[in-house]
Amino acid sequence: QVQLVESGGGLVQAGGALTLSCAASGTIFSSNDMGWYCQAPGKQRGVVAAVTRGGLTNYADSVKGRFTISRDNTKNTVSLQMSSLKPEDTAIYYCNAVIKQRYYDLANNYWGQGTQVTVSS
């Protein structure tokens, strides 16, 4: 079993900051791509930021310069530093990881349960 556990969500005032964290646990041979997705009410889930095992990052245009994704390969964790938050950032944020449990396994997508981020005006 692989489990992704998220933390760090909450209520913050516009212009404030939050850091989301996600830890993968269980039988893990390697964690490959990891990322954060968001889903606002009535909208589809979309990628916010992603990072490869080698450290290459991609960001949605709307968060460039405000959010920073990072990972620790030894701990199988990924974090999202969020600053200059805007009301439109309000959404449920989901951790995603592509994980192989064993060297001979195909990689599978795993999702966290989601954590709510609410930015007030």
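The values are calculated or read from the model by the stated rules, or taken from the named source; none is laboratory data. Predicted, not measured: the structure shown is a model, and the values here were computed from it. When we count neighbours, we look across all protein chains shown, and the Cβ atoms used for this are built from the backbone with ideal geometry, even at glycine. Accessible surface areas use protein heavy atoms only, side chains included; no ligands, DNA or RNA. Shrake-Rupley method; radii C 1.70, N 1.55, O 1.52, S 1.80 Å.
Accessible area per residue for the chain, computed on protein heavy atoms with a 1.4 Å probe, is 55 Å².
Within the listed set 44, 101, 13, the Gaussian network model of the chain (springs between alpha-carbon atoms below 10 Å) gives the highest mean-square fluctuation for 44. Once the chymotrypsin sites (Phe, Trp or Tyr not before Pro) in DSSP loops with at most 15 neighbouring Cβ atoms within 10 Å are cut out of the chain, the longest remaining piece is 30-102.
Here the 3J(HN,Hα) profile of the stretch 90-97, calculated from phi with Karplus coefficients 6.51, -1.76 and 1.60 at θ = phi - 60°, is 4, 5, 8, 9, 10, 7, 10, 9 Hz, Gly and Pro shown as x. Between 79, 70, 62, the Gaussian network model of the chain with springs among Cα atoms under 10 angstrom shows the greatest mean-square fluctuation at 62. For residue 25, neighbours were defined as the other residues whose beta-carbon sits under 14 Å from its Cβ, and their charges (Lys and Arg +1, Asp and Glu -1) total -1.
Find the relative contact order for the chain and round it to a whole percent, using C-alpha pairs within less than 8 Å whose residues are 6+ positions apart. Worked out over the chain, it gives 36 percent. I need the Debye-formula profile for the stretch 1-105: one equal scatterer per C-alpha, no solvent, reported as log10 I(q)/I(0) at q = 0.12 1/Å, two decimals. Relative scattering, expressed as log10 I(q)/I(0), comes to -0.40. For a 4.7 Å threshold on C-beta separation, the list of partnerless cysteines in the chain reads 38. So what's the gap between the Cα centers of the stretch 39-62 and the stretch 107-121, to the nearest angstrom? What the calculation gives is 11 Å, centre to centre.
Over all pairs of different C-alpha atoms in the stretch 1-54, the reciprocal of the mean inverse distance, the Kirkwood hydrodynamic radius, equals 13.4 Å. Scaled against 2.2 N^0.38 Å for its residue count N, the alpha carbon radius of gyration of the stretch 72-114 is 1.54.
Annotation: amide H of residue 53 within the under-5 Å range of 33, sequence separation 5 or more or interchain, hydrogens built in the peptide plane. About its Cα centre, the dipole of the stretch 61-121 is roughly 180 debye, where the only charges are +1 on Lys and Arg Cβ and -1 on Asp and Glu Cβ. Each Lys and Arg contributes +1 and each Asp and Glu -1, all at the Cβ; summed about the Cα centre of the chain, the dipole is approximately 120 debye.
Suppose we flag trypsin sites (Lys or Arg not before Pro) only when DSSP calls them loop and at most 14 other Cβ atoms lie within 10 Å. Which is the longest uninterrupted stretch of the chain?
Working: sites that count: 43, 53, 64, 75, 102.
Answer - 1-42.
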